[in-house]
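To keep things clear, I will list the structure first and then write my remarks on it.
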Amino acid sequence: MLPPGSTIGIIGGGQLGRMTALAAARLGYRCHIFTPEREGPAEQVSHACTVAEYTDRAALEAFASSVDVVTFEFENIPAESVRLLAEHVAVRPGWNVLETAQDRLAEKRFFNGLGIETAPWREVTGPDSLAAAVADLGRPSVLKTTRLGYDGKGQVKITDGTDLAEAWASLKTDVAVLEGFIHFEREVSVIVARGLDGAWACFDPVENRHVNHILDTTLAPAPISESLAEQAIGIARKAAESLELVGLLAVEMFVTKSGHLLVNEMAPRPHNSGHWTMDACLTDQFEQFVRAVCGLPLGSPERHSNAIMKNLIGDEVESWPALLQEPGAKLHLYGKAEARPGRKMGHVNRLFPIT
Ligand code: AMP
């Protein structure tokens, strides 16, 4: 257990690191950020910041020897860098978790290996194998890079008119995954925390609505049956236990029209679909993350209010003066200077009594 006063090293310098550092500060910890970008959202609120590439060995070693534990708000860092960090300091969650979450194929094999359903999928390694996979799974289907995809980047929808050779070439990769297209009823996600002692705690499943592939709104709780909510929690818990995860695991799922859950992807860190917890739960996802990573007992994830979280994307952030005046609304801004289109600038949580 790391006592308050210790320093948490966070890989990644964005808003997830910022909100983790703020939660850590409330419990008396300091945060040291490692990021390639200067003056990012996390650096602004942290005790120290190393600005260096994720492959810079000397910087990683100096960072690892100046912190008491290392965690991630960004999981796409090279294996070699994580190995180097782990030689010097505890890294939570561990490399096995990052490795599985970094790669869509590894992730699907992992879930399917646990008996957990995903959309039907095929590994694709070139235009011919894409044609064979499309013949198998049909159109529409979705071709995705295995690595570094987020917010719909690294994805092409294959429809009746799509030229497969062009679709393949557009991804600029050697390996990809083709997924059958799911005509889902809704998308949900679950965030589970697992402590150093194996204890776990789960936030209520929520519904996520995307606009242009970017999360727009989260409804907490998800309007789904209790039994489906329990199934969703069971999936997240089984995944976290099987990975022996210490930290947080967010699992995104589709609810099919027939009421089945199919896992889409997972992220071993705080997640945008958990921002509602900041104002609607006794312990929010960032504090829970800090507790898990520092080996503290987990807090109660109980929801004391219902909430709707709305992301403020690009120039939507300009509505901040009105949001500050809105009763029942709680505004969170990330300190980003420029409101580029598609950029997450902040979010607002609107709270409602539990009915
Ligand atoms: P991802 O990057 O995999 O999270 O995909 C981003 C969004 O694209 C998802 O949240 C869905 O809204 C949509 N999407 C991804 N994969 C599929 C699929 N196989 N079927 C239908 N919609 C999908």
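Table for the structure above
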quantity	calculated
Residue selected from the range 223-238 under the condition under 21 Å from the mean Cα position of the chain (by Cα) and not hydrophobic (A, V, I, L, M, F, W, C), by the criterion least open to solvent (accessible area, probe 1.4 Å)	Gly234
Sole residue being farther than 13 Å from Val263 by Cβ and away from the ligand (no atom under 16 Å from the Cβ), chosen from Leu219, Leu228, Leu215	Leu228
Test: residue in the range 327-341 that is assigned to a strand (DSSP E or B), open to solvent by less than 60 Å² (accessible area, probe 1.4 Å) and touching an Asp or Glu at 6+ places or on another chain (Cβ under 7 Å)	no
Entirely in the range 93-168, the strands (runs of 3 or more DSSP E) that have 1 or more residues that are without any contact (Cβ under 8 Å) to a residue 24 or more places away in the chain and not assigned by TED's automatic domain parsing to the domain that holds Val211	155-158
Matching residues in the range 134-173 - criterion: being under 23 Å from Ile77 (Cα atoms), at pLDDT 95 or above and surrounded by fewer than 17 Cβ atoms within 10 Å (Cβ to Cβ)	none
Residues of the range 191-219 classified as out of contact with any Gly (no Cβ under 9 Å at 6 or more places or on another chain), of a type in the set (A, V, I, L, M), in a strand (DSSP E or B) and under 30 Å from Val246 (Cβ atoms), total	3
Residues of the range 46-71 that turn out to be in a helix (DSSP H, G or I) and closer than 17 Å to Val293 by Cβ, as a count	2
Subset of the range 129-184 that is over 27 Å from Asn272 (Cβ atoms) and of a type in the set (S, T, N, Q) - its residue that is farthest from the ligand (Cβ to nearest atom)	Ser129
Residue match in the range 107-124 (condition: exposed (fewer than 15 other Cβ atoms within 10 Å of the Cβ) and within 13 Å of the ligand (Cβ to nearest atom))	no
Subset tally (residues that are open to solvent by 40 Å² or more (accessible area, probe 1.4 Å), of a type outside the set (D, E, K, R) and within 16 Å of the ligand (Cβ to nearest atom)) for the range 191-212	3
Residue within the range 244-264 that is crowded, with 22+ Cβ neighbours inside 10 Å and either at pLDDT below 95 or in a loop (DSSP other than H, G, I, E, B) (or both) present	yes
Residues satisfying the stated conditions in the range 265-282, i.e. within 15 Å of the ligand (Cβ to nearest atom), open to solvent by 10 Å² or more (accessible area, probe 1.4 Å) and assigned to a helix (DSSP H, G or I)	Asn272
Test result for Val51, over 19 Å from Ser81 (Cβ atoms), modelled with pLDDT of 95 or more, open to solvent by 30 Å² or more (accessible area, probe 1.4 Å) and of a type in the set (A, V, I, L, M, F, W, C)	no
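The values are calculated or read from the model by the stated rules, or taken from the named source; none is laboratory data. As the structure is a prediction and not an experimental result, all values here were calculated from the model. Reconstructed Cβ throughout: ideal geometry from the backbone, glycine too, with neighbour counts over all protein chains shown. Just the protein is used for accessible areas: all its heavy atoms, side chains included, with ligands, DNA and RNA removed. Shrake-Rupley method; radii C 1.70, N 1.55, O 1.52, S 1.80 Å.
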